[in-house]
Structure formats: C-alpha cells, structure tokens
Amino acid sequence: VRKQSQLTAFFAST
Amino acid sequence: MFELTMAKGSILQGVLEAILDLVNVANVDCSSKGFSLQALDTEHVVFLSLFFPSEVFRSYRCDEDCSMGIAIADMVDLLRASNDGDIITIKVTDQNFEDITITFESPDKTKTTDMDLQLVDARSHRLKISEWHDMESEYQAIFCMPSAQFMLNCKSLSVIDDDVVIRVNEEVISFSTKGKSGCVNISHVPNKTDNPEKASVTLTHMRGPVSLTLNLRYMKSCAKVSTLFDQVKIGLSTKLPLMVECKIAEKGYIRYFVAPKITE
C-alpha cells in the first residue's frame, strides 16, 4: 500500500 | 520601515496567484537583500520557499529585517482590485506592526487607493530546512526541462491516475502512471550538460538512478507556478522531498519541496 508521507518526516518544524 | 513597489501584473503578483491552491497563510521575511516567503500546505505535504531579490522590484527599501505572517488569499484578493497600469506599493511602517498597507496609484497619478491588511500569526507554518547549497549535494539526480513540458506531462498523466512515478537514470527521464483504465509512460532522453538549453530536457547532476512516486495534485500545483517561467529544475532523492525550482533573475528562486508517497 502506498501512503502519502509528510514533510515532517524530512524536516524538523521550528 | 519596509516598502516595495511593483507594476500591476508583475511576477510577484503572478506567483502569489499561482500558489493560492496550496497556501492560505505565509511567513514573509524582508531584508535589505529582498523579499522571502515560506509556506506549508494544510496537509504538510508541500513546503514552498521563495526569494525575490530587491532588484526585481520597481523600488525596494528595507531599513531593518522584519518578519510577518500574511493571509496570502486576502492579499491576492486586494491586489486583484488594482487596475491596469497601476503602481502597487506594499508597506510596513515601524510604528505599526499589526498590518501592512497596500496602495494602488493610477498611471496618471490622479487616483490613489489605500488598504490595510491585518497581519496574522503564521509561525506554525515554518519548517527548519538547510541552506540550499548544503542540500543540493544530497540529491541523487537533478534535471531541467521546459516548464510547459512539465505541465503537459502532469496533465496527461492525471487523466489515468492520481500518482506519477518519476524515474531518472543516465539514459532516460520518465514520467509514468498506471490506473484502472490504462497506463501512460512519457520518456525523455536527456542532454548532459551544466548549461541547459531552454528547449531541451537536461540532466545536470547524476549520482545514481532514482525513482519517486508523487501525488499529481501537488505536482500540478508546482507546474502551475513553473509556467510563469521558461524552465523548471527538478531534484530527486530517496532521503529528501522532491524539489521543484524556478529561477527568478540571478539570485532569486521559487522552490517547492514535495513529500513523496511511500510504500508501507
């Protein structure tokens, strides 16, 4: 199953 | 004090119009070097970072760095009320840091319209991302293509399915999708040069084959902005979001970072 990832998996939030 | 002026229909206005389908609120940072904006879509899939250097504006002045949250949709609505030929001024004074003033001046200078737009809190729309020159080397493949071609690819594929698989290797750059009604595969044989020609697809960096799956809804939004420019640059990495970039003048840029779809 393909799932949409989120940017928080790549970048930290401030 | 911060003040910039631009003609109606200038590139900043066009870009703000084009990002509206993803972004409502944005962080704007102004310095003596130029105007930068960061925004995150509500689903946290796309991060937009743009920088317009001061020289792209008709006039630009920023005495002290400032940072503000702007309701972009409201701002675009106000800008749409300007008339052809108007000169648009966006201004923040030091005394009042609660709103920005937008002014339209008619070409014959006989009519002026002043509007105040309240600033908003947009701090939750920030992400900590590295400087681009540190990130660029992390991308396994970077290619450039005419932005009209990029838009056409996204449109053709979205007839079949919601997702696109972008694959890059030394020989071919392909955009493909598979749906209930069939499949589409668009392949480009890239040029390999550091100096891409405007009309061709060029592989500028290659550190190994890579492929990513992305939702076409977001890709179409990136393509919409890119059509304001001749060329679009696309970076793929298995460790970073897809990057879509358009250059503005010498030092300016619009960059989209799009989180891919992952197999679970």
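We did not get these values from a lab; they are worked out from the coordinates using the rules stated. Given the structure is predicted, the values throughout are model-derived calculations rather than measurements. Neighbour counts run over all protein chains shown; Cβ positions are idealised from the backbone, glycine included.
Worth a mention:
- R0 of 45 Å, Cβ-Cβ distance residue B:114-residue B:189: FRET efficiency to nearest 0.05: 0.25
- Using a Förster distance of 25 Å, the FRET efficiency for residue B:73-residue B:1 (Cβ separation, nearest 0.05): 0.45
- Estimated FRET transfer efficiency when R0 is 25 angstrom, pair residue B:132-residue B:172 (beta carbons, to 0.05): 0.40
- Placing +1 on the Cβ of every Lys and Arg and -1 on the Cβ of every Asp and Glu, with no other charges, gives the protein assembly as shown a dipole of roughly 1180 debye about its Cα centre.
- Given charges at beta-carbon only (K, R positive; D, E negative), |dipole| of the stretch B:149-196 in Debye: 160
- GNM result for chain B, Cα springs below 10 Å: residue of B:131, B:171, B:17 fluctuating most strongly: B:131
- Summary of the geometry: the stretch B:6-37 and the stretch B:154-178, compared by the centres of their Cα atoms, lie 30 Å apart.
- Residue B:251-residue B:42 pseudo-label distance in nm [points 7 Å out on the Cα-to-Cβ vector]: 3.7
- Multiplying the residue separation of residue B:155 and residue B:21 by 0.36 nm and subtracting their alpha-carbon distance yields 46.6 nm.
- Each part gets one Cα centre, and for the stretch B:72-98 versus the stretch B:196-264 those centres are 30 Å apart.
- Amide proton proximity set for residue B:25, modelled H, under 5 Å, gap of 5+: B:72
- Exposure proxy ranking, count of Cβ atoms within 10 Å, fewest first, for B:62, B:246: B:62, B:246
- When B:244, B:15 are arranged by Cβ crowding within 10 Å, least crowded first, meaning fewest neighbours, the order is B:15, B:244.
- Dipole size of chain B about its Cα centre, with +1 on Lys/Arg Cβ and -1 on Asp/Glu Cβ: approximately 1000 debye, rounded to the nearest 20.
- Each Lys or Arg adds one and each Asp or Glu subtracts one; over the other residues with Cβ under 11 Å from the Cβ of residue B:107, this totals -1.
- Pairwise label distance in nanometres, residue B:121 with residue B:32, each label 7 Å out on the Cα-Cβ vector: 3.3
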